[in-house]
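Chemist: Pasting a structure below so you can have a look.
The values are calculated or read from the model by the stated rules, or taken from the named source; none is laboratory data. Treat the numbers as computed from the prediction; the structure is a model and nothing was measured. Cβ: placed from backbone, ideal geometry, glycine included. Neighbour counts: every protein chain shown. These area figures cover heavy atoms from the full protein model, side chains too; ligands, DNA and RNA do not enter into them. Shrake-Rupley method; radii C 1.70, N 1.55, O 1.52, S 1.80 Å.
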Amino acid sequence: MGLFNSKELAEIERLKGIIQIYKEEADEKDKKIRSIEKSITPEMKSVQTLTHTISEKRAEIEALESRIKELKIELHKQDAVIAEKKNYIIELDDTILLQEFNLYEPLYDFATSEEFKGRLSQIRDMQKEMIKGKTAAICEIEWTIDGSKAKGKTFTTNNIKQIIRTFNTECENAIDRVKFNNIDSMKARIQKSYDDLNKINSSNRVVITSDYLNLKMHELHLAIEWAMKKQEEKEELRRLKEEQREQAKIAKEIEEARREIEKEQSHYNNVLKKLEDQIEQAKTEEQKEALIEKKETISHQIEDLDKALEDVDYRAANMKAGYVYVISNIGSFGEHVYKIGMTRRLDPMDRIYELGDASVPFNFDVHAMVFSEDAPSLEAALHRAFDAKKLNMINTRREFFRVTLEEIETVIKEHYDKTVDFCRIPPAEQYRESMRILESLQEV
């Protein structure tokens with residue numbers, strides 16, 4: 001008996017026939033392919049290769065474009081993160097403040113530093129009351145630990161103590177460092193601490209209340225305004241002391257001038273009396289005429305002394321009489337910068353010499369010296385006219401202005417009805433000589 005029956009053998013034969021047909025078709029196709037390959041020129045092969053290369057490059061470009069899109073999405077996310085972080089940038093270096101400088105607008109209008117101190121004490125007492133009353137920070141749920149409400153309460157109390165203690169420390173650091181030019185940074189620091197602590201404690205549902213935050217912000221403003229008011233009072237006290245010293249100097253000058261004049265008056269009156277006796281005893285007309293001429297000279301000197309004494313008495317009685325001066329110091333402050341001040345000294349140059357002490361490298365030059373019976377009013381008029389041109393916009397006692405002599409002269413003429421002589425070009429002798437010496441040294 002064979003391996004296959006008749007039907008199976010017939011099927012095998014049929015399959016062999018089909019295989020033979022496929023083989024013949026394959027051979028035919030192979031012949032056609034070889035024929036086509038023979039007909040393909042080098043140029044066509046190059047195009048084929050180039051097309052394949054282009055397809056590969058397109059695939060690479062598509063992959064790169066896809067990656068670029070992914071990177072753009074990532075970059076956008078990073079930009080959002082950076083923008084968020086910028087809101088919390090707080091630069092504590094006093095020399096570099098990462099904020100725009102704005103003029104500080106006070107929140108309070110207390111007249112004295114003691115009032116600021118009192119209000120600051122009230123704010124701090126209010127904070128203590130909030131902590132005692134458990135309203136500075138709260139827990140939004142009632143925790144139960146291991147089935148115990150007591151343990152949950154202890155857990156909550158400890159969390160509240162910790163968040164308040166941490167927040168208070170951050171606020172104290174900010175308040176201790178606050179100045180008029182970093183108030184925004186310190187406010188941002190307190191706000192960031194508030195936001196961060198509430199976020200960190202979100203899992204245990206403990207939060208610092210906004211009312212407590214507001215009290216800290218008020219404390220920050222009060223701290224800086226209290227410091228500014230104390231500085232203002234210190235400046236005012238310094239001004240008053242300087243004014244008292246100036247008044248004492250004036251009183252001393254007046255007393256010494258009166259004493260000197262009275263001494264000279266006494267001397268010349270004695271001389272005059274002796275001359276009168278000598279005139280009566282003169283033996284010749286020539287002697288008499290010479291003595292009379294000398295008497296007239298002495299009389300004129302006595303008249304001058306009487307007038308000088310009247311001037312001294314007038315200056316002592318009239319507290320507004322004095323000199324308004326316009327001076328410059330180009331070696332110290334440059335050109336077109338003038339100090340406009342007032343002095344009641346009998347000799348106003350004494351005050352100018354004092355201003356040119358060791359605190360500045362060169363002496364001041366006088367451009368104008370105006371005597372006025374109401375010197376404070378003339379000085380005030382000049383200061384008002386050039387208020388927007390002050391060098392120091394904070395301390396009004398610094399009487400330096402960036403103006404021209406023509407502008408100063410115009411204002412003086414508006415408020416003073418007498419002629420004033422102006423020195424247009426300052427001598428600045430020491431400064432100019434110093435510049436010449438420096439130039440000669442550089443040439444060597």
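Chemist: Please calculate how many Å² of accessible area the chain carries per residue, with a 1.4 Å probe and no DNA, RNA or ligand atoms counted.
Modeler: With the other protein chains kept in place, the chain gives 70 Å² per residue.
Chemist: Tally up the carbon and sulfur contribution to the accessible surface of the chain as a whole percent, 1.4 Å probe, everything protein left in place.
Modeler: Carbon with sulfur: 53 percent of the solvent-accessible area.
Chemist: Another question, if that's okay. Could you point to the residue in I261, V207, I250 farthest towards the positive end of the stretch 170-295's charge dipole, with +1 and -1 charges on the Cβ of Lys/Arg and Asp/Glu respectively?
Modeler: The Cα lying farthest towards the positive end belongs to V207.
Chemist: Something else: Along the charge dipole of the stretch 256-329, Cβ charges K/R +1 and D/E -1, which of M319, I292, I302 sits furthest on the positive end?
Modeler: Looking along the dipole axis, the top candidate is M319.
Chemist: Rounded to the nearest 500 deg cm²/dmol, what is the calculated helix-only ellipticity per residue at 222 nm for the chain, with -39500 (n - 2.57) per DSSP H run of length n ≥ 4?
Modeler: Roughly -24000 deg cm²/dmol at 222 nm, from the helical runs in the chain.
Chemist: To the nearest 0.05, how large is the calculated FRET efficiency for R165 and T112 if R₀ is 30 Å and r is the Cβ-Cβ distance?
Modeler: 0.35
Chemist: For a protection proxy built on the mean count of beta-carbon atoms within 10 angstrom, sort 253-264, 379-390 highest first, please.
Modeler: 379-390, 253-264
Chemist: Still on this structure: Under 8 Å for C-alpha pairs, at least 6 residues apart: give me the relative contact order for the stretch 171-290, rounded to a whole percent.
Modeler: Once divided by the residue count of the stretch 171-290, the mean separation gives 20 percent.
Chemist: With +1 assigned to the C-beta of every Lys and Arg and -1 to the C-beta of every Asp and Glu, and no other charges, what is the dipole magnitude of the chain about the Cα centre in debye, to the nearest 20?
Modeler: Around 3360 debye, computed over the chain.
Chemist: Of K252/K294; K57/K77; K153/K216; K117/K216, which pairs sit farther than 24 Å apart, going by alpha carbon to alpha carbon?
Modeler: Listed pairs above 24 Å: K252/K294; K57/K77; K153/K216.
Chemist: Here is a follow-up. If you put +1 on each Lys and Arg Cβ and -1 on each Asp and Glu Cβ, how big is the dipole of the stretch 233-329 around its Cα centre, in Debye rounded to 20?
Modeler: About 460 debye.
Chemist: Only Cα pairs under 8 Å and at least 6 apart count here; give the relative contact order of the chain as a rounded whole percent.
Modeler: Value for the chain: 10 percent.
Chemist: Among residues other than A63 whose Cβ falls under 12 Å from its Cβ, what is the net charge (Lys/Arg +1, Asp/Glu -1)?
Modeler: The answer is -1.
Chemist: Something else about it: Please list, or write none, the lysines whose alpha carbon is within less than 16 Å of the alpha carbon of K283, excluding same-chain residues fewer than 8 places away.
Modeler: Excluding near neighbours in sequence, the set is K274.
Chemist: Continuing with this model, one more query. To the nearest 20 debye, what is the magnitude of the charge dipole of the stretch 109-260 about its Cα centre, counting +1 on the Cβ of each Lys and Arg and -1 on the Cβ of each Asp and Glu?
Modeler: Rounded to the nearest 20 debye, it is 720 debye.
Chemist: Shape call for the stretch 212-265 from the C-alpha gyration tensor, a ≥ b ≥ c root eigenvalues: rounded (a/c under 1.5), prolate (a/b greater than b/c) or oblate?
Modeler: Verdict is prolate for the stretch 212-265.
Chemist: Right, another one. Checking the cross-link filter: which aspartates and glutamates have an alpha carbon closer than 20 Å to that of K161, excluding same-chain neighbours under 8 positions apart?
Modeler: Filter leaves D125, E129, E140, E142, E170, E172, D195, D196, D211.
Chemist: Under a cut-off of 17 Å between alpha-carbon atoms, report the lysines in cross-link reach of K23, not counting same-chain residues fewer than 8 places apart.
Modeler: By straight Cα distance, K23 reaches K31, K32.
Chemist: Now a separate question. Do you know the relative contact order of the stretch 332-444, to the nearest whole percent, from alpha carbon pairs under 8 angstrom that are 6+ apart?
Modeler: 35
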